[in-house]
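Asks: Supplied in C-alpha cells, the structure appears directly below.
A short reminder: the numbers here are calculations on the coordinates, not readings from a lab. Computed from a prediction, not measured in an experiment: that's the story for all the values here. No Cβ is skipped: glycine too gets one built from the backbone with ideal geometry, and neighbour counts run over all protein chains shown.
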C-alpha cells in the first residue's frame, strides 16, 4: 500500500493496483511491446521514481551493465 493513497482492495486475480511513478510494460526479447496475454520481460522504464534502485553499493559499473546495457537506446 502506498502512503497517502488510502486503503483499497486489490482486484481479484491481480497483484494489486498500479503505483504512481513507475512506467511498467512487458517487452519481447527483441524489445517490442507485447500484446495482452503474451509472455515477455517485465520492464520498468526510466526515469525511475526518486530513491529507487540508484546503484549497486560501491559498484555503479556493475549496476549499469546488469540493469541498463541491454536496453540502451530503446524508448
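Asks: Tell me, what is the percent relative contact order of the chain, built from C-alpha pairs under 8 Å that lie six or more residues apart?
Replies: Numbers: 49 pairs, mean separation 15.6, N = 75.
Rounded, it is 21 percent for the chain.
Asks: Given springs between every Cα pair under 10 Å in a Gaussian network model of the chain, which of 16, 40, 31 has the largest fluctuation?
Replies: Checking each option, the largest mean-square fluctuation is seen for 16.
Asks: Is the shape of the chain best called rounded, prolate or oblate, per the rule: a/c under 1.5 gives rounded, else a/b larger than b/c gives prolate, else oblate, with a ≥ b ≥ c the square roots of the Cα gyration tensor eigenvalues?
Replies: On the way: a/c = 2.67, a/b = 1.25, b/c = 2.13.
Judged from the Cα gyration tensor, the chain comes out oblate (a/c at least 1.5, b/c at or above a/b).
Asks: For the residues 32, 61, what sequence is obtained by ranking on other C-beta atoms within 10 Å, fewest first?
Replies: Ranking 32, 61 by Cβ neighbours within 10 Å, fewest first, gives 61, 32.
Asks: With labels modelled as points extended 7 Å from the Cα through the Cβ direction, what inter-label distance (nm, one decimal) is found for residue 66 paired with residue 15?
Replies: 1.8 nm
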